[in-house]
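Engineer: Got a structure for you, questions after.
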Amino acid sequence: MLKGRNIKTDYSKNQYTLINFWASYCVPCRQENADLRQLYDKYKNKGFNIVSISIDENKDYWRQASRQDSIPWLNIAELTEQQGSKNIKNFAVKIIPSNYLIDSKGRIIAKDVSFTDLKKQVSENIE
């Protein structure tokens, strides 16, 4: 989504929602986007969702990377200086990529979850 509007997420619609922090300039983030896309495609209709939050400050860089990575899930960016980011502050993001797994009640059940652990969690509990 590259439309510039506020969003609200209903976690109860899915067993798991991954909150993924990334940036256009982060090589590991961009590589992880491809892995996340495969996991999302496999489990999106079975109770798994992703919300990506870019910490990019430049709208053009964020848009270009989002299109290049073909991100199909909700993908947002505050487009503000990182020290002023409410999302970075609320989730205490120190490094990127950074992933938080949320359950259907909106509770964080895992933080700084690696892709390997995420894939295991999702595949063992959704199907």
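Engineer: Kindly provide the helix-only [θ] at 222 nm of the chain, computed as the sum of -39,500 (n - 2.57) over DSSP H runs of four or more divided by all residues, to the nearest 500 deg cm²/dmol?
Structural biologist: Values: 4 runs with 44 residues, N = 127.
One gets -10500 deg cm²/dmol as the mean residue ellipticity at 222 nm.
Engineer: Using only alpha carbon positions, build the gyration tensor of the stretch 24-90, then give the equivalent ellipsoid semi-axes as the square roots of 5 times its eigenvalues, largest first, whole angstrom.
Structural biologist: Computed over the stretch 24-90, the values are 22, 14, 10 Å.
Engineer: Shifting gears a bit: Rank-order 113-122, 84-93 by packing density, defined as the average count of other C-beta atoms within 10 Å over each peptide's residues, highest first. Could you put the intermediate results ahead of the total?
Structural biologist: Working: 113-122: 15.9, 84-93: 13.8.
The densest-packed peptide leads the list: 113-122, 84-93.
Engineer: Next up: So, in nm, how far is label Gln68 from label Gln15 when the simple model puts each one 7 Å beyond its Cα toward the Cβ?
Structural biologist: Between Gln68 and Gln15, the label points sit 3.5 nm apart.
Engineer: Something else: Starting from the exponent 0.38 and prefactor 2.2 Å, build the expected Rg for the stretch 14-125 from its residue count and divide its actual Cα Rg by it.
Structural biologist: Working: Rg = 13.3 Å, N = 112, 2.2 N^0.38 = 13.2 Å.
Cα-based Rg divided by the globular estimate yields 1.01.
Engineer: Within 12 Å, Cβ to Cβ, of Asn33, how many net charges do the neighbouring residues add up to if Lys/Arg are +1 and Asp/Glu are -1?
Structural biologist: 0
Engineer: Same structure, new question: Between Ser123 and Lys86, what is the spin-label point distance in nm, taking each point 7 Å from the Cα along the Cα→C-beta axis?
Structural biologist: It is 3.8 nm.
Engineer: Helix 115-125 against the longest principal axis of the chain: what's the angle in degrees, Cα atoms only, rounded to the nearest 10?
Structural biologist: The helix 115-125 is inclined about 30 degrees to the chain.
Engineer: Take every DSSP beta bridge whose two residues both sit in the chain, then give the antiparallel share in percent to the nearest 5.
Structural biologist: Antiparallel: roughly 45 percent of the beta bridges in the chain.
Engineer: Where does helix 59-68 land angle-wise versus the long Cα axis of the chain, in degrees 0 to 90, nearest 10?
Structural biologist: Roughly 40 degrees between the two axes.
Engineer: Compute the angle between helix 27-43 and the longest alpha-carbon principal axis of the chain, please, reported from 0 to 90 degrees and rounded to the nearest 10.
Structural biologist: For 27-43 against the chain, the angle is about 40 degrees.
Engineer: Pairs of Cα atoms under 8 Å, at least six residues apart: use those to get the relative contact order of the chain, whole percent. Intermediate results must be reported in sequence, preceding the final value.
Structural biologist: On the way: 197 pairs, mean separation 43.5, N = 127.
For the chain, the relative contact order is 34 percent.
Engineer: How much length is gained on full extension from Ile109 to Tyr61, taking 0.36 nm per residue of separation minus their Cα-Cα distance? All intermediate terms of the calculation are to be shown ahead of the outcome.
Structural biologist: Details: separation 48, 0.36 × 48 = 17.28 nm, distance 3.13 nm.
Contour length minus Cα-Cα distance gives 14.2 nm.
Quick note: the coordinates plus some simple rules give every number you see, no bench work behind them. For clarity, every value in this text was computed on a predicted model and none was experimentally measured. For neighbour counting, all protein chains shown are included, and Cβ atoms are generated from backbone atoms with ideal geometry for every residue, glycine included.
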